[in-house]
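What follows is one structure encoded as C-alpha cells, with my remarks underneath.
The values are calculated or read from the model by the stated rules, or taken from the named source; none is laboratory data. Every value quoted in this text rests on a predicted model; they were computed, and no experiment measured them. A quick note on method: Cβ atoms are made from the backbone with ideal geometry, for glycine too, and the neighbour counts reach across all protein chains shown.
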Amino acid sequence: MVVLPVLGLLQLMALPAGASLGLEAVGLTLEVVRVDGLSLLFGYVFHLAALLGVIFSLRVRDLGQQVAALVYAGSAIGAVFAGDLLSLFLYWELTAVSSVFLIWAAREEGAFRAGLRYLVVQILSGMLLLLGLVLHYQATGSLAFGHLGLESPGGTLIFLAFGIKCAFPLLHTWLPDAYPRATVTGAVFLSAFTTKLAVYALARGFAGTEVLIWIGALMAVLPVFYAVIEDDLRRVLSYSLIIQLGFMVVGVGVGTELALNGTAAHAFGHVLYKALLFMAMGAVLQQTGTARASELGGLYRSMPLTAWFCVVGAASISAVPLFSGFVSKAFITSATAQAGHHLAWTMLLFASAGALLYVGIKVPYLAFFGRDSGVRVAEAPRSMLVAMGLSAVLSVLIGVRPQLLQLILPFPATYDPYTLGHILGQLQLLLFSALAFVIVLRRGWYPRMVPSTNLDFDWIWRGGLPRTWLSLVRLAAPGWRRSGSALGTISRRALNLLQRHFGPRSRLAGTWPTGSMVLWVVVLLALSLLVSYF
Amino acid sequence: MRDEGERVLGGSKKVRWVFWGLLVACLVVLALDFLHEKRGYVPWERWVGFQSGFGFLAGLVVILLAHGLRRLLGRSGDYYER
C-alpha cells in the first residue's frame, strides 16, 4: 500500500510537461491526461498526501476503508490531470462516491446520516457540473477544460459545482458536518483531496473572476467565529480548512501570476499541515476516545511527540515565519495588495489573526497543554508518528527553503517574504493577537468549551424545514384521523387497495414461477409488435 | 467567569511567565516598527504599529462577537437528533 503512491510519484516526475493523452470515445474527443505546471503541482501534493495518509493508516485493518482511501486519492489525481470536462466529471463523481465510505466506515448512527448528507451534496455538485458541461458542449462544440469564466455557456453551473466542493459560503455546511464524523484515518484523506481539487478546478476555469475575491474573503473570515465557539476540535479544524480555502480562492480571484502561484503554494502547504493537524487530532481521538476540548487537556504528558507535531502544524497554519504557511500566505496577501484590493487584504489579515488564535493556539493548547483533564493514555503508534513527523518536516522545509517550492510553482512570479518589513509585520500581528488571547484567558472571557451544537446554514434543511413539516403533520393528524369526510374515507380505501395489491404481502410482491414470467414477456412482446405494426 | 479562565489556563506561575514574556516581545517588535521604514501597497499598512493594533483588536473583537454568536446559535449536543 505504501508502494503505490511512491510509484505514482516516480511516474509523475518522469512525465514531461505538456504531455497529453487523447481518447476518442462516443464521438467525442477527450483529453484524458493533460500535464502542465498547475496540474503537476497538484499531482505532486496529492501523491504526497496519499503517501502520508497511507503511512498514517498502516495499522488499520478495515480493508474497505483502505481501498476507498486509495480510490479517492487516485480519482482526485485523475481529476487534476483531466484535460476535458467529461473526464473531469467522471473523476469528480468518483471522488464523491469513494470518499463517502471514509465517513461511513466510522460505523456510527451520526456518521451514517452525515455520510448520506455528504453524498447528496457531492452528487449535487456533480450534477451541476454535468449540466454545465452539457450546455457548454452544446454551445461551443468543445469539451476542453481551460479557462471558462462565468459568462461562458454553462459557466455559472460549473462555477457552482466547483463552489460546492470548495465550500463556498452557504454551500459549505457539508464540510464541518461530515469531516469530524469520519474515521480517525479517513479524515486525513478527506482533508486533502476534495477541497484542493475544487481549488485547482477554480484556478483552471475561473482565474481572475472578481467575485471570487469577495467569496474568498468571506470564506476566510466567517468560520473564525465558529472555530472559537466549537467544542469538537476536529470540527474546529474543518472550519479552519474553510478559512484557508478562502485564502486560496482570493488568490484565484485576483488572478495575477503571483496570486495564482500563491494559491498553488498555499494549497501545497495546506494539504501537508492540514493533514498533520488532522493526524494529530485523529491520534488523540484514537488514544483517548474523544476529540472534544471539554474532555481533553494536559495530553502532552502522555503524547509528547504528537503534541509537538501538532504545534508544528499549528505554527504552519498560523503563518509563523519559518513555517510553510508564512510563505504561501505572503504570496497571496501581497498579490492582493498589489492588485489594489485593499478591503479584501484587510479581511485576510483579520482572518490570519483569527486563524492563529482560534485554531493555531486553541487546538494544541486545549488538547495537549492547558488544564490537565487527568486523561493518561499511550502515545500514538509508530506508524502515525512517522506520518506526522514527515508532514512536520515537510512543512518546516517549505518554510525555511521556499525556493524548493518555487521549483514546482506553475508561474515564474515570485515574492520574498523574508524581508524585515514583512517579518516584522507578521510578528506584530501574531504576537499582539496572542497577547489579546492570553488576556482574554486570564480574565475568563473565553467562551466555555461545552459539548454543543452550533447552528450553521444547514439548520434550514436539518432543523427548520423538518420541524415545520412535523408540526404541520401533527396539526393535521387529529383532523385527518377523525374525519368522516369523503376525502378521508376515499383516501383510506385507496391506500388499503394499493396495500393489498402492491404491498409487502401482496401477490405482486411475491415470487413468481419463471414459466409465468416468460409467458407475460411473450404477451408483452406480442402486444408491442401489434401496436408498432398498426 | 474568572474561575473558569484560570482553570483553562492551568498553572498561574507558568502563565504569568508567558504573559510577561509575550508582553516584552510585543513591545520589542513595536519598538522595531518605529525604527523601520514602512513600505506597502495598502495605505494603512504604512501606519506605525498597524499590525499590532489590528492583531490585538482582532483578538478581542472575535471573542466579543463569538459570545453573541454562541448565544444565538448554540444548542444542545443532540439538537438534530431530537
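The table below lists the values:
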| quantity | calculated |
| --- | --- |
| Pairs with Cβ under 8 Å, 6+ apart, first in region B:57-82 and at the interface with chain A (Cβ under 7 Å from one of its Cβ atoms) and under 17 Å from A:Ser452 (Cβ atoms), second surrounded by fewer than 15 Cβ atoms within 10 Å (Cβ to Cβ) and modelled with pLDDT under 85 | B:Gly77/A:Pro451 |
| Neighbours by Cβ (under 7 Å, 6+ apart or cross-chain): first from region A:447-458, within 7 Å of another protein chain (Cβ to nearest Cβ); second among the charged types (D, E, K, R) and assigned to a loop (DSSP other than H, G, I, E, B) | A:Pro451/A:Asp231; A:Ser452/A:Asp231; A:Asn454/A:Glu230 |
| Near pairs, Cβ below 6 angstrom, 6+ apart or cross-chain, from region B:13-37 (under 13 Å from A:Leu435 (Cβ atoms)) to any residue that is assigned to a loop (DSSP other than H, G, I, E, B) | B:Leu30/B:Gly49 |
| Residues that are under 20 Å from A:Phe225 (Cβ atoms) and within 11 Å of chain B (Cβ to nearest Cβ), drawn from region A:459-476 | A:Trp459, A:Arg462, A:Gly463 |
| Selection status of B:Gly40, over 16 Å from the mean Cα position of the chain (by Cα) and either small (Gly, Ala, Ser) or over 27 Å from A:Leu348 (Cα atoms) (or both) | yes |
| Residue list for region A:87-109, filter: of a type in the set (Asp, Glu) and either over 15 Å from A:Ala76 (Cβ atoms) or in contact with a Lys or Arg (Cβ under 6 Å, 6 or more places away or on another chain) (or both) | A:Glu108, A:Glu109 |
| The lone exception for A:Gly425 - which of (1) within 26 Å of A:Phe309 (Cβ to Cβ); (2) at the interface with chain B (Cβ under 9 Å from one of its Cβ atoms); (3) assigned to a helix (DSSP H, G or I); (4) in contact with a Phe, Trp or Tyr (Cβ under 9 Å, 6 or more places away or on another chain) it fails | (1) |
| Residue satisfying all of: in region A:285-305; under 24 Å from the mean Cα position of the chain (by Cα) and not basic (Lys, Arg); nearest to A:Gly370 (Cα to Cα) among these | A:Ala293 |
| Residue within region A:2-25 that is surrounded by 21 or more Cβ atoms within 10 Å (Cβ to Cβ), within 25 Å of A:Ala161 (Cα to Cα), of a type outside the set (A, V, I, L, M) and in the same structural domain as A:Gly132 (by TED's automatic domain parsing) present | no |
| Flag for A:Val393 being assigned to a helix (DSSP H, G or I), without any contact (Cβ under 8 Å) to a residue 40 or more places away in the chain, out of contact with any Asp or Glu (no Cβ under 8 Å at 6 or more places or on another chain) and farther than 30 Å from B:Val15 by Cβ | yes |
| Number of the condition not met by A:Asp416 [criteria: (1) in contact (Cβ under 8 Å) with a residue 24 or more places away in the chain; (2) surrounded by fewer than 19 Cβ atoms within 10 Å (Cβ to Cβ); (3) in the same structural domain as A:Glu230 (by TED's automatic domain parsing)] | (1) |
| Breaking point among (1) farther than 26 Å from A:Ala413 by Cβ; (2) touching a residue at least 12 places away in the same chain (Cβ under 8 Å), for A:Ala79 | (1) |
| Condition check for A:Val377: in contact with a helix residue (DSSP H, G or I) (Cβ under 6 Å, 6 or more places away or on another chain), within 14 Å of chain B (Cβ to nearest Cβ) and surrounded by fewer than 16 Cβ atoms within 10 Å (Cβ to Cβ) | no |
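Conditions (1) hydroxyl-bearing (Ser, Thr, Tyr); (2) modelled with pLDDT of 95 or more; (3) part of a helix (DSSP H, G or I); (4) outside the structural domain of A:Leu390 (by TED's automatic domain parsing), marked per residue:
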| position | (1), (2), (3), (4) |
| --- | --- |
| A:Arg61 | no, no, no, yes |
| A:Ala69 | no, no, yes, yes |
| A:Thr95 | yes, yes, yes, yes |
| A:Arg113 | no, no, yes, yes |
